[in-house]
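Only one structure is covered here, and it is reproduced in the block below.
The values are calculated or read from the model by the stated rules, or taken from the named source; none is laboratory data. Keep in mind the model is a prediction, meaning the values are calculated, not measured. No Cβ is skipped: glycine too gets one built from the backbone with ideal geometry, and neighbour counts run over all protein chains shown. Note: areas computed on protein heavy atoms with side chains; ligands, DNA, RNA excluded. Shrake-Rupley method; radii C 1.70, N 1.55, O 1.52, S 1.80 Å.
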Amino acid sequence: MSSRFGRALERRLPLIVVSPLFAASLVFVYGFILWTVWISFTRSRVLPNYEFAGLLQYERLWSTPRWHVALSNLVIFWVLFVVLCLAIGMLLAILLDQRIRIEGVIRTIYLYPMALSFVVTGTVWKWIMNPGLGVERLMQQAGFDSFRFDWLVNPDYAIYAVVIAGVWQSSGYAMALFLAGLRSVDDELLKAAAIDGAGPLRIYARIVLPMMRPVLMSVVIILSHLAIKSFDLVVALTGGGPGYATDMPATFMYAFAFQRSELGLAAASAVMMLMTVIAIIVPYLYSELRRR
């Protein structure tokens with residue numbers, strides 16, 4: 001009897017171990033996602049109000065000028081962040097793929113920023129780009145009195161300061177993924193192409209990069225996800241300012257939920273962020289599953 005019970009317990013042990021985690025994820029992740037979606041269709045302000053109000057909060061959201069600023073900032077940050085991280089990451093990966101002697105040291109240096117949190121990155125770059133403490137003051141003390149680097153306090157350029165900090169942190173991560181993809185390419189193909197007379201640029205353009213399409217798509221998805229949910233970097237670096245010049249949808253949601261007591265409006269902005277993420281991930285997953 002005990003042996004039968006032991007065998008039954010052994011068969012069900014994975015289910016017993018996984019089920020609490022699954023239940024917790026179901027409640028605290030997907031349950032609260034559904035709760036947020038419902039709150040976005042109510043008149044909730046300071047406290048939740050579960051009376052259905054239709055698309056009122058979405059109408060208010062899209063008529064709020066600050067939301068349009070947050071969206072435009074997201075587009076600027078998203079495009080520049082992804083493109084620059086891809087370009088720098090690919091360039092560094094190609095250089096490291098030459099198997100230089102101190103590759104391990106250089107790879108560690110490039111990857112180190114990714115080990116830092118966005119809060120630390122934002123704080124460090126806030127010091128570096130502070131006109132009274134950082135690069136501008138250093139250059140002026142060196143004799144370049146006309147040098148100006150006030151992007152952090154300039155509403156027209158502050159979003160590009162956020163891009164610089166984000167690219168500095170994440171380009172090393174893109175490099176690591178690209179380097180892993182480069183190392184997976186069969187050397188025999190490269191040798192055959194070289195024997196046929198193909199130069200390095202042609203080999204990478206015609207053979208290596210097309211074979212790295214899955215890695216490239218994965219990097220784009222990961223970087224896009226980081227861009228959409230960028231909150232801690234913006235808060236640590238600019239606080240959304242000057243004014244709300246560097247506001248993002250994530251900081252917009254936080255400000256209206258916890259500072260302006262507009263829970264329904266904040267929930268509507270969160271749902272729009274969720275829809276943006278879904279619009280990126282679902283086509284990618286569909287194309288991958290269809291290709292397989």
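Work out how much length Ser72 to Asp156 would gain on full extension: take 0.36 nm times their residue separation and subtract the Cα-Cα distance, in nm to one decimal.
Residue separation times 0.36 nm, minus the Cα-Cα distance, leaves 29.0 nm.
Based on alpha-carbon positions alone, could you give the equivalent ellipsoid semi-axes of the stretch 199-290 from the gyration tensor, as √(5λ), descending, whole Å?
The equivalent ellipsoid of the stretch 199-290 has semi-axes of 36, 18, 7 Å.
Would any residue of the stretch 249-288 have its amide N under 17 Å from a label point 7 Å out along Cα→Cβ of Leu55? List them or say none.
Under cut-off, by backbone N: 265, 268-273, 275-276.
For the chain, modelled as a GNM with alpha-carbon contacts under 10 angstrom, which of Ser63, Ser269, Ser230 fluctuates the most?
Residue with maximal mean-square fluctuation among Ser63, Ser269, Ser230: Ser63.
Separation between the Ile100 and Leu201 pseudo-spin-labels, each 7 Å from Cα along Cα→Cβ, expressed in nm?
Each label point lies 7 Å from its Cα, and together they span 2.1 nm.
Tell me, how many Å apart are the Cα centres for the stretch 198-213 and for the stretch 99-161?
33 Å
State, to one decimal in nm, how far the label point of Arg137 lies from the label point of Ile281, with both points 7 Å from Cα in the Cβ direction.
Between Arg137 and Ile281, the label points sit 4.3 nm apart.
Per residue, how large is the accessible surface of the stretch 65-291? Use a 1.4 angstrom probe and give square angstrom.
The answer is 53 Å² per residue.
Quick one, what does Rg over Rh come out to for the stretch 65-291 if you take C-alpha atoms and the Kirkwood Rh?
1.05
If amide H atoms are built 1.01 Å from N in the plane of the peptide, which residues on other chains or at least 5 residues away come under 5 Å of the amide H of Thr42?
Residues meeting the amide H criterion: Ala53.
Can you tell me the order of 193-200, 211-218 when each peptide is scored by its average per-residue count of other Cβ atoms within 10 angstrom, highest first?
211-218, 193-200
May I ask you to give the percent of accessible area on the chain that is carbon plus sulfur, with a probe radius of 1.4 Å?
68 percent
DSSP H helices in the chain with Cα extent of 30 Å or more along the helix axis and mean Kyte-Doolittle hydropathy at least -1.0?
Sorted by number, the helices that extend far enough and score high enough are 2-25, 65-96, 158-183, 263-291.
Show that you can apply the helix-only estimate: for the chain, add -39,500 (n - 2.57) for every DSSP H stretch of four or more residues, divide by all residues, and state [θ] at 222 nm to the nearest 500.
It lands at -22500 deg cm²/dmol.
Computed over the Cα atoms of the stretch 79-130, what is the ratio Rg over Rh, Rh following Kirkwood?
Reported Rg/Rh (Cα atoms, Kirkwood Rh): 1.06.
Relative contact order (percent) for the chain, with alpha-carbon contacts under 8 angstrom and 6 or more residues of separation?
29 percent
So how do Phe118, Phe22, Phe77 rank on accessible area, 1.4 Å probe, biggest first, that is with the largest at the start?
Phe22, Phe118, Phe77
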